[in-house]
Amino acid sequence: MSIVILDAMDDKNNISNILEETLKDAGQGIISFKLKNMNIMPCRSCGACGFKSPGKCVIQDDSHEVLRAVARCSTFIMLTPVRFGGYASALKKIVDKFMTLGLPLYMVKQGHLLHPMRYGSKFIVGIGVYDGDSKDSEDCFSRLVENNAFNMQSEYRTLVLKPSGDGEKIKQEISSLIKEVC
């Protein structure tokens, strides 16, 4: 199965290219979505994806193509600048629509109500790009990925990179992460 990359980075960055090259060098098939260039509307929390059109968002935008790819993959990578400890808005909009990947039923896990996943669990990789020096922002980003993985009953890994970092060091960190999850 292919690895899906949900890329919320600006077009002028080298980390997206390094990630794609590293995955190709590892022999992985990839499907990459440049989220900033797509028309993805915010989730309205209307619940239609659970009952009116099970598994499908009723908003007509580009999210359908992304969600189909995520449903079919075993691993997806969220690549994003870290914004106040969270995702860039382009990624946040598609993550909010992950609700369509769950069934309209509930289960209790560790005292939390969760939706069973419609298409099985995924391995989630969160790669944050952060140029600040706040350990709290990095920790918040890692907890966000962890909580999204918990909601999807999935395993996960996180990595926080500096955009101004040495390209070879970034490639080594990404390569090490890819070996761990693939």
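The values are calculated or read from the model by the stated rules, or taken from the named source; none is laboratory data. Only a predicted model underlies this, so the values are computations on that prediction, with no experimental measurement involved. Here Cβ is always computed from backbone atoms with ideal geometry, including for glycine, and neighbour counts include all displayed protein chains. Note: areas computed on protein heavy atoms with side chains; ligands, DNA, RNA excluded. Shrake-Rupley method; radii C 1.70, N 1.55, O 1.52, S 1.80 Å.
At a 1.4 Å probe, what is the % contribution of carbon and sulfur to the accessible area of the chain?
For the chain, the apolar C and S fraction of the accessible surface comes to 50 percent.
Could the peptides 167-180, 145-158 be put in order, highest first, of the mean number of other beta-carbon atoms found within 10 Å of their residues?
Highest mean packing first, the order is 145-158, 167-180.
Between their Cα atoms, which of 12/122; 34/109; 56/92; 93/169; 135/171 are more than 24 Å away from each other? Can you show the working numbers first?
Details: 12/122 29 Å; 34/109 33 Å; 56/92 18 Å; 93/169 31 Å; 135/171 22 Å.
Exceeds cut-off: 12/122; 34/109; 93/169.
Using the C-alpha atoms of the chain, what convex hull volume per residue, in cubic angstrom, is computed?
Roughly 112 Å³ of hull volume per residue.
Gap in Å between the Cα centre of region 1-57 and the Cα centre of region 65-79?
Value for the Cα centre distance between the two parts: 6 Å.
Let me check I've understood the local charge: for residue 59, count other residues with C-beta under 9 angstrom from its C-beta, Lys and Arg +1, Asp and Glu -1. What total comes out?
Net of charged neighbours comes to +1.
With a cut-off of 8 Å between alpha carbons and a minimum separation of six or more residues, what is the relative contact order of region 1-102 in percent?
About 41 percent, as a whole number.
Once label points are set 7 Å from the Cα along Cα→Cβ at both residue 131 and residue 37, what is their separation, rounded to one decimal in nm?
Computed distance between label sites residue 131 and residue 37 equals 2.2 nm.
Net charge near residue 43: determine it from the other residues with C-beta under 15 Å of the C-beta of residue 43, scoring Lys and Arg +1 and Asp and Glu -1.
Cβ neighbours under 15 Å give a net charge of +3.
Pull out the extension gain between residue 30 and residue 153, defined as 0.36 nm times the separation in residues minus the alpha carbon to alpha carbon distance; nm, one decimal.
On the way: separation 123, 0.36 × 123 = 44.28 nm, distance 2.27 nm.
Result for the pair: 42.0 nm of gain on full extension.
Can you compute the helix-only [θ] at 222 nm over the chain? Use -39500 (n - 2.57) per DSSP H run of at least 4 residues, normalise by all residues, nearest 500 deg cm²/dmol.
-10500 deg cm²/dmol
What's the extension gain from residue 139 to residue 108 if we count 0.36 nm per residue and subtract their Cα-Cα distance?
Going from the current span to full extension adds 8.5 nm.
Let me check against my output: what whole-number percent is the relative contact order of the chain, with C-alpha pairs under 8 Å and at least 6 apart?
Once normalised by length, the contact order is 23 percent.
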